[in-house]
Amino acid sequence: MKLSPIRIFTSLDLTSRLAPLTPNNPRFFTQMESQALCQLRDERKQMVQPTMQAYQALGEMTTQDADVHRAHYNLKTTEARNALKPAQTQAKFQLIGLEAIRS
């Protein structure tokens with residue numbers, strides 16, 4: 001029989017963790033509780049490696065997203081600079097024309 005875990009909320013980071021309820025004072029565990037805790041321990045042990053791999057994959061995806069965003073905004077910056085070049089050239093031409101008229 002499986003021991004149902006109790007959801008415990010910490011007040012500091014507001015994350016939840018599944019763990020069996022343990023008393024503040026020492027006590028004896030029944031055979032059923034002991035088996036349930038051993039089963040829970042084995043399940044957790046099996047989940048460690050996949051969990052580590054999943055977090056590593058999430059970290060890599062975050063890095064890849066940042067690279068994509070950086071490339072996208074570099075492109076937008078280049079497009080904005082290139083969009084200003086014709087206007088700058090035209091402004092310089094008009095300034096030269098005004099100076100020629102004044103002279």
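Every read-out reported here was derived from the displayed coordinates using simple, explicitly stated rules and does not represent laboratory data. Every value quoted in this text rests on a predicted model; they were computed, and no experiment measured them. FYI the Cβ positions are ideal-geometry reconstructions off the backbone, even for glycines, and counts take in every protein chain you see.
Numbers for the structure displayed
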{"quantity": "Computed label-point distance, nm, for sites M32 and D65 using a 7 Å Cα→Cβ extension", "calculated": "4.5"}
{"quantity": "Calculated log₁₀ intensity ratio I(q)/I(0) where the Debye formula runs over C-alpha points of the range 21-103, q = 0.13, 0.21, 0.26 Å⁻¹", "calculated": "-0.76, -1.01, -1.14"}
